[in-house]
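Note sheet for the following structure.
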Amino acid sequence: MSMDVIAGATAGPFAAACVVLAFAGASKIRRPVATRPAAAALGLPASPAAVRALGTLEVVSAAAALAIGGVAAAAVAVLYGALALAAWRLLVRSPGTACGCLGAPDTPVTAVHVVVNVGAFFVAALAAANGSPIAAVGSSAWARIAFLALVGCCASLIALVLDALPALNAAMREGGSR
C-alpha cells in the first residue's frame, strides 16, 4: 500500500482526533477542576497547574499535528496511547471516576473512552509518516472546506460519544429501574 493511499485514508480520522484532543486540552485549561478526580485516582499531580500543563500539551500537539503532521503526529499518538492507558487504568481500578477529559465534571470513564483513545492512537501512528492531513486533501478550496466540515462533524460525534453517551446510559438505567 503506498504512502499516498495511507495519507488519504488517515487524513480525516486523524484530523478529527486532533480536533478532539485540542478541545479536550482547551477544556482542561479552562476548567482544570473537572480532571482532578481522574488525576488523583491515577496518582498523578492533580493541581490546577498540572492539569493546565497537560491541557496545553494537548492543544499544542494537536495544532502542530494538524499543521505539519510527521513528528507532531507521533506526539499525538503518544498522547493518545497514554490517555488510553489512563482510561483503562481508571476503568479497572477506579470505575465510576469522572475523567473530565472534555470538561464535564461528572462524566465517568467508560470502555468507550479506551476504545476511542486506542483508535486515535493507531490513526495518529499511521499518520506520523505523512505531512499535514489538510495537505493530503489537495489544493482545491472546495475540497478543503468539505474536508474541514466533515472533520468537524466527526469530532463532534466523538465528543458526544465520550461525553453524552455515558449520561444517556445512566439516565436510561435510572429510568428503567423504576
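Of all residues in the range 112-126, none satisfies being polar (S, T, N, Q) and free of Cβ contacts under 8 Å to residues at least 24 places away in the same chain.
Restricted to the range 92-178, the set of helices (runs of 4 or more DSSP H) holding at least 1 residues that are modelled with pLDDT under 85 and surrounded by fewer than 12 Cβ atoms within 10 Å (Cβ to Cβ) comprises 141-176.
Considering only residues in the range 26-42 that are basic (K, R) and part of a helix (DSSP H, G or I), the one that is nearest to L91 (Cα to Cα) turns out to be R36. Once the range 43-74 is narrowed to residues that are of a type in the set (S, T, Y) and in a helix (DSSP H, G or I), the residue that is farthest from R30 (Cα to Cα) is S61. In the range 77-87 there is at least one residue that is farther than 28 Å from L168 by Cα, modelled with pLDDT of 95 or more and assigned to a helix (DSSP H, G or I).
Among residues of the range 143-162 that are in contact (Cβ under 8 Å) with a residue 60 or more places away in the chain and closer than 15 Å to V112 by Cβ, those with a Cβ under 8 angstrom from a residue that is assigned to a helix (DSSP H, G or I) and among the small types (G, A, S), sequence gap 6+ or separate chain, pair up as I158/A16; I158/A17.
Yes/no matrix, rows are residues, columns are (1) closer than 19 Å to A26 by Cβ; (2) touching a Pro at 6+ places or on another chain (Cβ under 9 Å); (3) of a type in the set (S, T, Y):
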| site | (1), (2), (3) |
| --- | --- |
| V76 | yes, no, no |
| Y80 | yes, no, yes |
| L102 | yes, no, no |
| A125 | no, no, no |
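The values are calculated or read from the model by the stated rules, or taken from the named source; none is laboratory data. All of these numbers come straight from a predicted model, not from anything done at the bench. As a convention, Cβ positions derive from the backbone with ideal geometry for all residues, glycine included, and neighbour counts pool all protein chains shown.
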